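The values are calculated or read from the model by the stated rules, or taken from the named source; none is laboratory data. Treat the numbers as computed from the prediction; the structure is a model and nothing was measured. Cβ coordinates were reconstructed from backbone atoms using ideal geometry, including for glycine residues, and neighbour counts include every protein chain displayed.
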Amino acid sequence: MSVLAVFLTGCSVPPPIAGIPKDHPANGFYQHASRSLISDKSCRDYKGSPDIPMGEIAKGERYRKTEALAPGVFRFVENATGKSYLAVSYMKRSGFLQLPQACVWEDKK
């Protein structure tokens, strides 16, 4: 019985991202990405962009993280333009590899 409870707890869908409208595509993607490894197509299906490399955000040279909203969800700014973005990190499936990736939406607060 306890093994089943642990299994079911691990499969639960996370709540909507605090501070983000429930109908924002990032909420749907966040819940989808929490269930399994996915591809960049899933990000695009939720109207996001996988084109900003997670490593570039982590380096902090071109981009600067500004706020953590939930596990794997954060806001960041492009230093050159001042544009603000919302990102949901995920593990991208690429053959036998699992690569950290960010699905990004321009943040229009």
Margin query: Quick check on the stretch 52-65. Is at least one of its residues under 22 Å from Pro21 (Cβ atoms), among the basic types (Lys, Arg) and in a loop (DSSP other than H, G, I, E, B)?
Written below: no
Check: Of everything in the stretch 66-109 that's part of a strand (DSSP E or B) and of a type in the set (Gly, Ala, Ser), which residue is farthest from Gly19 (Cα to Cα)?
Finding: Ser94
Next item on the list: Could you grab the pairs with beta carbons closer than 6 Å, sequence gap of 6+ or different chains, first residue in the stretch 11-39 and at negative phi and part of a helix (DSSP H, G or I), second one exposed (fewer than 15 other Cβ atoms within 10 Å of the Cβ) and of a type in the set (A, V, I, L, M, F, W, C)?
Entry: Gln31/Val13
Notebook entry, point to check: In this structure, is Ile52 β-branched (Val, Ile, Thr), under 13 Å from Ser89 (Cα atoms) and surrounded by 17 or more Cβ atoms within 10 Å (Cβ to Cβ)?
Noted result: yes
Note to self: Suppose we filter Ala70, Ala80, Ala87 for residues that are at pLDDT 90 or above, small (Gly, Ala, Ser) and under 13 Å from Asp107 (Cβ atoms); which single one remains?
What the structure shows: Ala87
Margin query: Name the residue that is farthest from Gly28 (Cα to Cα), counting only residues in the stretch 42-67 that are among the small types (Gly, Ala, Ser) and at pLDDT 95 or above.
Written below: Ser49
Next item on the list: With respect to Arg93, determine if the residue is loosely packed, with under 12 Cβ neighbours inside 10 Å and over 21 Å from Lys108 (Cα atoms).
Entry: no
Checklist line | Exclusive hit being at pLDDT below 90, of a type outside the set (D, E, K, R) and in contact with a Lys or Arg (Cβ under 7 Å, 6 or more places away or on another chain), set Leu8, Leu37, Leu97 | finding: Leu37
